[in-house]
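Q: For reference, the structure I am asking about is given below.
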Amino acid sequence: KPHLRINHRIATARENHVTLYGPIHLHPHQLTGVNTQPFSFIPIHNLFFHPQKTPDFKTRPGGPPDLISDIPDECLAHIFQSLSSGDRKRCSLVCKRWLVVEGQSRCRLSLNANFEISSQLPSLFSRFDSVTKLALRCDRRSVSISDDSLVLISLKCRNLTRLKLRGCRELSDTGIAAFAQNCKSLKKLSCGSCVFGAKGLNAVFEHCVLLEEISIKRLRGINNDGDSEPVGEPIGPGLAAKSLKSICLKELYNGQLFGPLIVGSKNLKTLKLIRCLGEWDRVLEMMAGSNSNSTNTDGNYDGLVEIHLERIQVTDFGLSAISSCSNLEILHLVKTPECTNLGIVSVAERCKLLRKVHIDGWRTNKIGDEGLSALGKNCANLQELVLIGINPTTSSLDVIASNCRNLERLALCSSETIGDVEMSCIASKCSALKKFCIKSCPISDNGLEALAWGCPNLVKIKVKKCRDVTREVVEWLREKRESLIVNLDADEIEAVDASASEAGGAQEDGPDFPIVETDVTSGQAPGRSNGRGSLFRTKFSFLFGRNIAACALRRWSTGSSNTNGNE
């Protein structure tokens, strides 16, 4: 089969330096200033003339035939799409044609949205006239683009489907509203550290009827600490509520203002509430109550599939409302100290399709064997379980191991009750377990040795800050099970009573194994603060500390999605 040989460094050459006869090549006398690193090979079919025919080669005086002009623009664009962003930029320097094709075929664009770029926007978007995914980022020390620039972008990119705004503090409700009217095909909006407020967001929800996903972080325009808009102006639902599938709210003072949007989104599948101040039980109860008309035959609302609740004020009443989501598959409950076994039991008894459960009990001892046993009895599809700051015993672990036959990923962190006996229980009954992580638990070499005879499908173990586990038993385990990967941080053992040490030592093992982080302080750990950030952290003294949210098993989750096929 014919192949097109492309040098990723070819962009520094001029058009008359590049020739094509079979593969692209450069003559030795043309290599001045050109990097001659090994070529990359990309198969391109149907790009050459039929092998049985003699092509009518285009020739240049004193040079070999040139066939680049015979490559259709569509094929050239397809080649560019397989290159990295940097290589695409280099290719655009080869000739005028490549410059045009590269610009017209680029769908993603990320810009440094400083005010200085405003004068260049017309020519920039005349070249990149097919952009559908745009990111505008501005450093907090710089002045961002204004409303006029955003309106210009919306007129040039009417087919925009994704927009990400970061630190664009000069954008107001007026600019966002004008943008929404011009870009009605928007499907995803993500904004952080901006200052527009409810009026701009309501315009988006009213005009962008295809909106499917929204992520809001540190939106200061709804803090109600100024006189620019009415206090407590509700946000949503708007026409976009019919298509909205994912809502993510992070670090908001008045997140409850999004209540109408959450309640009115009937097709919502994912809800993430992370470090948002205020009481959330009422919003969750209203969400469950408003969807009573779209319940199934069992009387449960079957819309939401994934819920993340992290460092927010929610109680068992909120969990009881969540339990009406009968199709719930993923639940993250991180540092919600008012949630108890009662709420976990309510969710487990009615959400029987749960596949992934992450619980960080913050060592409050309000969630234990009773709640975990309910999960084991009712959630037979459980594949991933992360327990941080919770003290399960063999009674609940036995129920989980016996009933959850598909449990493949298990992480146990900062538990005072996980010892050698519990490790033996896991080894003998978790036959489907593939990846196991244990951190800051009082296990010894005997507990780790039990894994040599159990868990036949186990492929990877990670042991962190378990003082009584030695390197000798790890080497012995590797000899017994040669295919098993065992990671031990014995050289870095340290105390578990400081959030800073926990957060700092949890990210040094590389991305190939889950990061399991714990924080056992009462949220008094110091953090970097200046200006508005200082005020924000002061108001969030209960919710903040080190940001060591339960992002455990992120890579596991990604890997498992390929096998499950239903994520």
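Q: What pairs in Lys89/Lys133; Lys269/Lys356; Lys429/Lys464 have C-alpha atoms more than 20 Å from each other? Write out the running numbers ahead of the final one.
A: Working: Lys89/Lys133 18 Å; Lys269/Lys356 15 Å; Lys429/Lys464 23 Å.
Long pairs (Cα-Cα over 20 Å): Lys429/Lys464.
Q: Still on this model: Under a crude label model (7 Å from the Cα following the beta-carbon direction), how far is Val143 from Gln81 in nanometres?
A: Reported label-point gap for Val143 and Gln81 is 4.1 nm.
Q: Going 7 Å from the Cα of Cys107 in the Cα-to-Cβ direction, what parts of region 169-198 have a backbone nitrogen less than 15 Å from that spot?
A: Under cut-off, by backbone N: 186-188.
Q: Find the eigenvalues of the gyration tensor of the Cα atoms of region 328-370, then list the square roots of 5 times those eigenvalues as equivalent ellipsoid semi-axes, largest first, in whole angstrom.
A: Working through the eigenvalues yields semi-axes of 18, 12, 7 Å.
Q: Also, I was wondering about something else. At 0.36 nm per residue, and after removing the present C-alpha to C-alpha distance, how many nm does the segment from Leu239 to Ser190 gain when stretched out fully?
A: Working: separation 49, 0.36 × 49 = 17.64 nm, distance 1.83 nm.
Gain on stretching Leu239 to Ser190: 15.8 nm.
Q: For region 330-437, compute Rg over Rh where Rg is the Cα radius of gyration and Rh is the Kirkwood radius from the inverse mean 1/r over Cα pairs. Could the numbers behind the result be given before it?
A: On the way: Rg = 12.2 Å, Rh = 13.4 Å.
Computed over Cα atoms, the ratio is 0.92.
Q: Turning to a different aspect of this structure: Order the peptides 142-152, 70-80 from the highest to the lowest mean number of other Cβ atoms within 10 Å of their residues.
A: Values: 142-152: 18.7, 70-80: 15.3.
In decreasing order of mean packing, 142-152, 70-80 become 142-152, 70-80.
Q: For Val459, Val283, what's the largest-to-smallest order of accessible area, 1.4 Å probe?
A: From most exposed to least exposed: Val459, Val283.
Q: Could you run the Karplus curve 6.51 cos²θ - 1.76 cosθ + 1.60 with θ = phi - 60° over region 371-386 and give me ³J(HN,Hα) per residue in whole Hz, x for Gly and Pro?
A: x, 5, 5, 5, 4, x, 6, 9, 10, 5, 8, 4, 10, 9, 9, 10
Q: How many nm separate the modelled label positions at Phe115 and Arg467, each set 7 Å beyond the Cα in the direction of the Cβ?
A: So the label points at Phe115 and Arg467 sit 5.7 nm apart.
Q: In whole Å, what are the Cα extents of region 239-281 along the three principal axes, biggest one first?
A: The principal-axis extents, from largest down, are 27, 16, 15 Å.
Q: Still on this structure, I have one more. Cut-off 12 Å, label point 7 angstrom out along Cα-to-Cβ of Glu206: give me the residues of region 170-185 whose amide nitrogen falls inside.
A: Counting backbone N atoms under 12 Å from the label point, the list is 174, 177-178, 180-181.
Q: Rounded to whole Hz and in sequence order, give me ³J(HN,Hα) for region 412-421 from the Karplus expression 6.51 cos²θ - 1.76 cosθ + 1.60, θ = phi - 60°, writing x for Gly and Pro.
A: 10, 9, 6, 10, 7, 10, 7, x, 5, 5
Q: Give the peptides 437-444, 241-248 in descending order of average Cβ contacts within 10 Å, highest first.
A: Going by the mean number of other Cβ atoms within 10 Å, highest first, we get 437-444, 241-248.
Q: Say R0 is 51 Å: what FRET efficiency, to the nearest 0.05, do Thr270 and Lys96 get from their beta-carbon distance?
A: Taking R0 as 51 Å, the efficiency between Thr270 and Lys96 is 0.65.
The values are calculated or read from the model by the stated rules, or taken from the named source; none is laboratory data. Please read these numbers as outputs of a predicted model, since none were measured by experiment. All Cβ positions, glycine included, derive from the backbone under ideal geometry; neighbour counts span all protein chains shown. Heavy atoms of the whole protein, side chains included, go into the accessibility calculation; ligands, DNA and RNA do not. Shrake-Rupley method; radii C 1.70, N 1.55, O 1.52, S 1.80 Å.
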